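To start, the structure under review is shown below, and the notes come after it.
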Amino acid sequence: MEDPADDEEDLDDPAQVARRARWTAAVTGALLALAGLAASTLRATGSAPALVPAAYALGAAVCALAAFLGSRGRTRRALWLLVTGVMVMALGDQFD
């Protein structure tokens, strides 16, 4: 039978917290990059101005960079790049 105190120790373990932060940054960045690429492809096939799919593609590239940095342990930089990438995508959507 497992001891509940062991679970509490795992939550406070700095290595476990760092590993969870790296995975979260990498997975979130990858998902946002895929979503940005899909939106860029959909907008490129439509009648949107050329700036719209370009903004989605640029935002996706920034999110992909954030995923890479997050997987390398640069989670603070990855967070700010994720925010920047989503803001670029949102700004590009305003031109539609």
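Listed by position, the helices (runs of 4 or more DSSP H) contained in the chain that have at least 2 residues being in contact with a helix residue (DSSP H, G or I) (Cβ under 9 Å, 6 or more places away or on another chain) and at pLDDT 95 or above are 14-45, 51-71, 75-94. Taken over region 54-96, residues that are closer than 19 Å to Arg22 by Cβ and of a type in the set (A, V, I, L, M) amount to 11.
The values are calculated or read from the model by the stated rules, or taken from the named source; none is laboratory data. Note that this is a predicted model, so its numbers are computed, not measured. Note that we place each Cβ from the backbone using ideal geometry, even for glycine, and neighbour counts take in every protein chain shown.
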